[in-house]
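A.B. asks: Mind having a look at this structure? Questions to follow.
Nothing in this text is a laboratory measurement; each read-out follows from the coordinates by a stated rule. Remember, it's a predicted structure, so these values are computed and weren't measured experimentally. Cβ sites come from the backbone with ideal geometry, for glycine too, and all protein chains shown count toward neighbours.
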Amino acid sequence: MNEKILGIIEAYGRSPYRLVDILLSLQKEFRCVSDEAVNIVASELGLSEVDVRQTKSFYHFFTTEPVGKYAVYLNNSAVSEMMGMADVVDEFEKLCGISFGQKTADGLISLDHTACIGMNDQEPAALINSVVFTGLNRQKVREIVAAMREGKPVESMVTEYGDGNNAHPLVLSMVKNNIRKAGPVCLGEYETGKALARSLTMGSKAVIDEVKSANLRGRGGAGFPAGLKWQFCAHEAGDRYVFCNADEGEPGTFKDRVLLTERAQMMYEGMAIAGWAIGAKEGILYLRYEYLYLKAFLENVLEEMRNQNLLGKNILGKGFDFDIRIQLGAGAYVCGEESALIESSEGKRGEPRNRPPFPVQKGYKNNPTIVNNVETFCSAVKIIENGAAWYKKMGTEDSSGTKLLSISGDCKMPGVYEVEWGMTIHEMLRMVGAENVQAVQVSGPSGVCVPPTQFNRQIALEDLPSGGSMIVVGKQRDLIKDIVLNFMAFFEDESCGSCITCRSFNMILRRQVQKVVEGRAIKPDLDNMKDWGEIMAKTSRCGLGQTSSNPISTTLANFRELYEARVKDEDFQSDFDMEKAIAESCEAVNRPPIVHE
Amino acid sequence: MSKPIVATASLAGCFGCHMSLLDIDERILKLIELVDFHKSPINDIKTFTKQCDIGIIEGGCCNTENVEVLREFRKNCKILISLGECAIMGGLPAMRNGIPVRECLEEAYCDGITVGENTERIMPNDEELPIILDKVYPLHEIVKIDYYLPGCAPRADLIWEAVVALVTGNELNIPYELVKFD
């Protein structure tokens with residue numbers, strides 16, 4: 001075992017910066033990262049044991065005990081639940097004779113839940129040894145469990161492949177693209193290398209100016225002007241880095257999955273253009289672990305582009321050197337936050353940094369770094385190719401261009417739609433075939449729960465900003481239980497724990513919602529939930545804690561009657577139970593549990 | 001109009017909040033003009049004989065007697081104030097909350113290094129004694145609390161300003177420094 005561990009450490013150049021990769025390799029090799037392995041890694045890398053342990057414990061896909069030979073990670077996000085996850089859970093548990101969170105006695109199968117794996121358009125979905133299984137139902141579970149018992153390789157259980165590059169020999173996945181509407185920017189006509197060649201003749205400053213004048217704003221959700229970010233970074237001294245954020249973790253978004261599958265060249269080209277613009281030599285694609293099934297394919301695309309001289313040394317003979325490597329995540333939503341993503345890429349816990357300094361000043365290894373979303377890079381390619389004026393003709397005044405929407409939930413045609421900014425929710429619902437809609441969750445759990453009275457609002461950064469996640473909630477759903485409670489449980493799991501309010505209030509608020517759902521809450525609880533959410537938003541360091549009370553605050557604002565119908569009209573209640581509170585100590589000191597009142 | 005009546009108690013606390021109350025110095029003379037005191041360790045009145053207006057409670061609830069006193073205060077006071085960290089959050093005594101109560105008792109009476117000989121492992125269990133609760137509870141988890149005055153101990157000025165505002169009906173106007181602790 002030791003030799004294997006040492007070999008893995010060697011393979012990553014004994015660099016502490018590659019700790020996450022090392023731990024991923026260990027997890028794959030031994031199905032766990034044991035305490036013994038932690039010690040070896042620590043001493044070999046010159047780190048303390050605690051350094052290694054804290055990184056390990058941060059990520060969802062590292063385990064201390066070995067996972068099963070077949071490690072099932074079933075998505076328990078809201079849409080998975082809406083699409084019948086309970087049946088899938090029941091069937092797995094029945095056939096395996098264990099509950100979720102357990103492993104069969106023979107070590108063959110382990111069952112666990114995981115947060116959204118980017119398959120909301122084809123739920124319920126699961127990862128089994130990193131292979132994606134979509135559209136699960138009782139019958140499919142029966143087939144999968146039977147195949148596991150026969151000891152078949154997981155890959156062989158995938159019999160039908162999805163469309164497009166999902167059927168590529170290096171992918172061979174059952175995932176479907178579900179591209180329902182291709183727009184002119186990201187999913188339209190594309191010729192690899194054209195924009196990069198144009199950039200190299202334009203000069204770096206002109207590239208930044210073009211992106212700025214197109215008013216390209218970050219597609220991850222925050223909407224920061226990309227050109228400005230590039231300009232800030234270009235002005236800083238040091239070895240600059242280009243990061244592409246493919247840690248698509250917001251439940252309900254899966255449009256980057258489609259871009260990674262169908263527009264990998266375009267994304268890489270956008271990174272190279274950005275590299276040229278800011279004067280960087282190195283780019284890193286931060287790929288969420290859930291998209292591991294795309295890694296070999298994405299590596300191959302890199303190789304092809306190197307062969308075409310679109311990456312590597314002296315690109316297109318213009319003396320520009322730029323190359324890209326892929327950095328895997330290991331299961332942590334908060335790593336989608338840019339400074340957490342950088343921390344994670346440095347082999348550490350993915351905890352957001354204090355700002356300033358901003359990543360453009362001190363990012364990866366304290367060097368100036370830009371972090372942009374997959375879609376942002378793809379959009380930049382088209383801007384360079386067709387010009388800012390062309391791009392600005394689309395969208396609204398403050399939000400130019402198009403947006404990829406990942407639409408899922410209660411609608412006839414879930415999938416990816418490339419639309420111009422400015423579309424109203426009404427129009428969107430007509431487009432996806434949704435009827436009897438109770439609400440639309442815009443931009444995932446951290447976004448806004450929009451009621452029908454506001455369906456005339458526009459999807460645009462100045463009205464309803466969105467990173468792309470759109471979850472349609474039908475009238476038949478229990479909004480508080482199916483959506484709000486699920487989202488709060490998600491945030492409770494995913495808070496990195498660094499800020500005390502985020503660490504505590506997400507748990508406390510989840511419990512409050514649970515009280516409402518179970519009919520145990522009272523009226524003042526509703527005001528408390530609102531106030532506490534505001535405190536958390538004000539006192540958290542990063543976007544997670546600043547937005548994680550949104551499921552509660554936006555439903556309290558827009559659907560208060562649903563809460564009021566479930567709470568008791570009392571101004572105080574106590575959960576204190578004297579009998580329970582004295583039982584343990586009376587037993588310990590051997591006295592009858594009698595309270596004289 | 002008669003003066004408002006104030007009652008106070010210290011539960012699972014250290015009496016520091018009451019000491020802080022006495023730190024109002026000469027203002028205690030003004031206080032006596034403003035209010036009357038009923039049940040309180042300050043005057044040693046032990047039982048409620050009339051309805052009070054304001055109850056001020058220091059300390060959380062660690063045993064059955066604390067709960068009983070607290071409930072009695074709720075019954076006899078129109079307004080209840082949680083005074084200080086222990087009353088509001090459990091405070092220092094609540095550090096035992098993560099440890100099973102049996103372990104705490106065994107450490108205190110049998111196994112701790114400062115325990116003398118206790119070979120029979122006797123632990124106090126006379127029925128006259130209050131019973132230790134499984135954990136230390138903040139007051140608001142047991143009865144409704146109207147106001148909270150934070151601090152360990154809350155500054156004398158904070159207690160003074162709050163009580164005066166409550167009694168006079170004036171707006172409570174306290175400088176940020178009075179409730180800022182870092």
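A.B. asks: Among B:Ile122, B:Ile81, which comes first, second and so on when ranked by fewest other beta-carbon atoms within 10 Å?
C.D. replies: B:Ile122, B:Ile81
A.B. asks: Now for a separate question. Of all the Cα-Cα pairs you can form in region B:23-89, what percent are over 17 Å apart?
C.D. replies: 48 percent
A.B. asks: Sticking with this one: Please express the Cα-Cα pair-distance distribution P(r) of chain B as a list of whole percents, one per 5 Å bin, running from 0 to the bin with the greatest distance.
C.D. replies: 1, 8, 15, 19, 18, 14, 9, 7, 5, 3, 1, 0, 0
A.B. asks: Follow-up. Within the P(r) computed for the protein assembly as shown, what percentage of the Cα pairs occupies the region above 51 Å?
C.D. replies: 26 percent
A.B. asks: How far is the Cα center of region A:161-211 from the Cα center of region A:56-106, in Å?
C.D. replies: Cα centroid of region A:161-211 versus Cα centroid of region A:56-106: 35 Å apart.
A.B. asks: Given points 7 Å out from each Cα along the Cα-Cβ axis, report the A:Glu3 to B:Val179 separation in nanometres with one decimal.
C.D. replies: Rounded to a tenth, the inter-label distance reads 6.7 nm.
A.B. asks: Which value, in debye to the nearest 20, gives the size of the charge dipole of chain B about its Cα centre, when Lys and Arg are +1 and Asp and Glu are -1 at the Cβ?
C.D. replies: Computed about the Cα centre, the dipole is about 720 debye.
A.B. asks: On a full-extension model of 0.36 nm per residue, what is the gain between A:Gln573 and A:Lys313, subtracting their alpha-carbon distance, rounded to one decimal in nm? Spell out each step's value before the answer.
C.D. replies: Working: separation 260, 0.36 × 260 = 93.60 nm, distance 6.98 nm.
Taking A:Gln573 through A:Lys313 to full extension adds about 86.6 nm, to one decimal.
A.B. asks: Set the Förster distance to 45 Å, then compute FRET efficiency between A:Ala182 and A:Arg355 from the Cβ-Cβ distance, nearest 0.05.
C.D. replies: That pair, A:Ala182 with A:Arg355, gives E of 0.75.
A.B. asks: Expressed as a rounded percentage, what relative contact order does region A:508-597 have, with Cα pairs under 8 Å and six or more residues apart?
C.D. replies: Normalised by residue count, the contact order of region A:508-597 is 32 percent.
A.B. asks: Filter the GluC sites (Glu not before Pro) in region A:180-249 down to the DSSP loop ones having no more than 15 other Cβ atoms within 10 Å, then list what survives.
C.D. replies: Numbers: sites: A:Glu189, A:Glu191, A:Glu210, A:Glu236, A:Glu248; in loops: A:Glu189, A:Glu191, A:Glu236, A:Glu248.
Passing both the DSSP loop test and the Cβ count: A:Glu189, A:Glu191.
A.B. asks: Could you derive backbone 3J(HN,Hα) for region A:85-101 from the dihedral phi with the Karplus parameters 6.51, -1.76 and 1.60 (θ = phi - 60°), listing whole Hz in sequence and x where the residue is Gly or Pro?
C.D. replies: Rounded to whole hertz, the list is 4, 4, 5, 5, 4, 4, 5, 4, 5, 5, 6, 8, x, 9, 9, 4, x.
A.B. asks: Place the peptides A:149-156, A:519-526, A:494-501 in order of packing, highest mean first, counting for every residue the other Cβ atoms within 10 Å and averaging per peptide.
C.D. replies: The packing order, highest mean first, is A:494-501, A:519-526, A:149-156.
A.B. asks: Residue-wise, which Karplus ³J(HN,Hα) couplings in Hz belong to region A:54-70, taking 6.51 cos²θ - 1.76 cosθ + 1.60, θ = phi - 60°, and x for glycine or proline?
C.D. replies: Values per residue, Gly and Pro as x: 5, 5, 4, 6, 6, 9, 5, 8, 9, 10, 7, 8, x, 6, x, 4, 10 Hz.
A.B. asks: When the expected Rg is taken as 2.2 N^0.38 Å, what fraction or multiple of it is the alpha-carbon Rg of region A:480-564?
C.D. replies: Numbers: Rg = 11.7 Å, N = 85, 2.2 N^0.38 = 11.9 Å.
Rg over 2.2 N^0.38 Å, computed on Cα atoms: 0.98.
A.B. asks: Mind listing the long-range amide H neighbours of A:Gly395? Cut-off is under 5 Å, sequence gap 5 or more, other chains count too, H placed in the peptide plane at 1.01 Å from N.
C.D. replies: A:Gly401, A:Trp421
A.B. asks: I need to check one value: relative contact order of chain A, counting alpha carbon pairs closer than 8 Å and at least 6 residues apart, in percent.
C.D. replies: The value is 13 percent.
A.B. asks: Report the extension gain between A:Glu435 and A:Asn300 in nm, rounded to one decimal, defined as 0.36 nm multiplied by the number of residues separating them, less their alpha carbon distance.
C.D. replies: Contour length minus Cα-Cα distance gives 44.3 nm.
A.B. asks: Treating region A:2-58 as a set of equal point scatterers at the Cα positions, no solvent, please give the Debye-formula log₁₀ I(q)/I(0) at q = 0.26 Å⁻¹.
C.D. replies: Once normalised to I(0) and log-transformed, intensities are -1.08.
A.B. asks: According to the Kirkwood expression over distinct Cα-Cα pairs, how big is the hydrodynamic radius of region A:286-330, in Å?
C.D. replies: Details: mean 1/r = 0.0883 Å⁻¹.
Here the Kirkwood hydrodynamic radius works out to 11.3 Å.
A.B. asks: A further question on this structure: Past the 16 angstrom mark, what percentage of all C-alpha to C-alpha distances in region B:76-142 do you count?
C.D. replies: 60 percent
A.B. asks: Please report the antiparallel percentage of the DSSP beta bridges confined to region A:201-330, to the nearest 5.
C.D. replies: On the way: 3 of 16 bridges.
Approximately 20 percent, going by the DSSP bridge assignments.
A.B. asks: Shifting gears a bit: What is the antiparallel percent of DSSP beta bridges lying wholly in region B:1-158, to the nearest 5?
C.D. replies: 20 percent
A.B. asks: Report Rg/Rh for region A:144-221, rounded to two decimals, where Rg is the Cα radius of gyration and Rh the Kirkwood radius.
C.D. replies: Reported Rg/Rh (Cα atoms, Kirkwood Rh): 1.22.
A.B. asks: Between beta-carbons, use under 12 Å as the cut-off and find the net charge around A:Gln476, counting Lys and Arg +1, Asp and Glu -1.
C.D. replies: That works out to -2.
A.B. asks: Show me the GluC sites (Glu not before Pro) within region A:377-448 that DSSP assigns to loop and that have at most 11 other Cβ atoms within 10 Å of their Cβ.
C.D. replies: A:Glu397
A.B. asks: Another one. List the residues, sorted by chain then number, that are 5 or more residues from A:Gly409 or on another chain and whose placed amide H is less than 5 Å from its amide H.
C.D. replies: Sorted by chain and number, the residues that satisfy this are A:Val472.
A.B. asks: Let me know the longest stretch in chain B that avoids all GluC sites (Glu not before Pro) found in a DSSP loop with at most 11 other C-beta atoms within 10 Å.
C.D. replies: It works out to B:27-116.
A.B. asks: Next question, about the same structure. Express as a percent, rounded to the nearest 5, the fraction of DSSP beta bridges in the protein assembly as shown (both residues included) that run antiparallel.
C.D. replies: Given both bridge residues lie in the protein assembly as shown, the antiparallel proportion sits at roughly 40 percent.
A.B. asks: Please average, across the residues of B:93-101, the number of beta carbons from any other chain that are within 10 Å of each residue's own beta carbon, and give a whole number.
C.D. replies: Mean partner shielding for this stretch: 1.
A.B. asks: Roughly what would the spin-label model give for B:Glu117 and A:Lys475, points 7 Å off Cα along C-beta, in nm?
C.D. replies: Distance between label points: 8.2 nm.
A.B. asks: On to the next question. Amide H to amide H, which residues 5 or more places from A:Gln438 or on other chains are under 5 Å from it, using H placed in the peptide plane?
C.D. replies: For A:Gln438, whose amide H was placed from the backbone, the distant partners under 5 Å are A:Val473, A:Gly474, A:Lys475.
A.B. asks: For labels at B:Ile32 and A:Tyr161 in the simple 7 Å Cα→Cβ model, what's the distance in nm?
C.D. replies: 9.4 nm
A.B. asks: Separate question: P(r) of region A:181-392 in 10 Å steps, Cα pairs, percent per bin?
C.D. replies: In order of increasing distance, the bins hold 9, 39, 40, 12, 0 percent.
A.B. asks: Size of the dipole of chain A about the Cα centre, Lys and Arg at +1 and Asp and Glu at -1 on the beta carbon, nothing else charged, in debye to 20?
C.D. replies: Values: 66 positive and 80 negative charges, 271 e Å.
I would put it at about 1300 debye.
A.B. asks: Which semi-axis lengths, in whole Å and largest first, follow from the square roots of five times the eigenvalues of the Cα gyration tensor of region A:282-417?
C.D. replies: For region A:282-417, the ellipsoid semi-axes come out as 25, 23, 19 Å.
A.B. asks: Each residue of region A:130-146 in turn: what ³J(HN,Hα) in whole Hz from Karplus with 6.51, -1.76, 1.60 and θ = phi - 60°, glycine and Pro shown as x?
C.D. replies: Residue by residue, region A:130-146 yields 6, 8, 8, 10, 10, x, 6, 8, 4, 4, 5, 5, 4, 5, 5, 5, 4 Hz.
A.B. asks: Considering only DSSP states other than H, G, I, E and B, which trypsin sites (Lys or Arg not before Pro) in region A:410-474 qualify as loop sites with at most 10 other Cβ atoms within 10 Å?
C.D. replies: When the trypsin sites (Lys or Arg not before Pro) of region A:410-474 are filtered for loop state and at most 10 Cβ neighbours within 10 Å, A:Lys412 remain.
A.B. asks: While we're on this one: Which length gain, in nm to one decimal place, applies between A:Asp239 and A:Gln139 when the Cα-Cα distance is subtracted from 0.36 nm times their residue separation?
C.D. replies: 30.6 nm
A.B. asks: Taking every pair of alpha-carbon atoms in region A:70-159, what share in percent sits in each 5 Å bin, from 0 to the bin with the longest distance?
C.D. replies: Cα pair-distance distribution for region A:70-159, in percent: 3, 16, 29, 28, 18, 5, 1.
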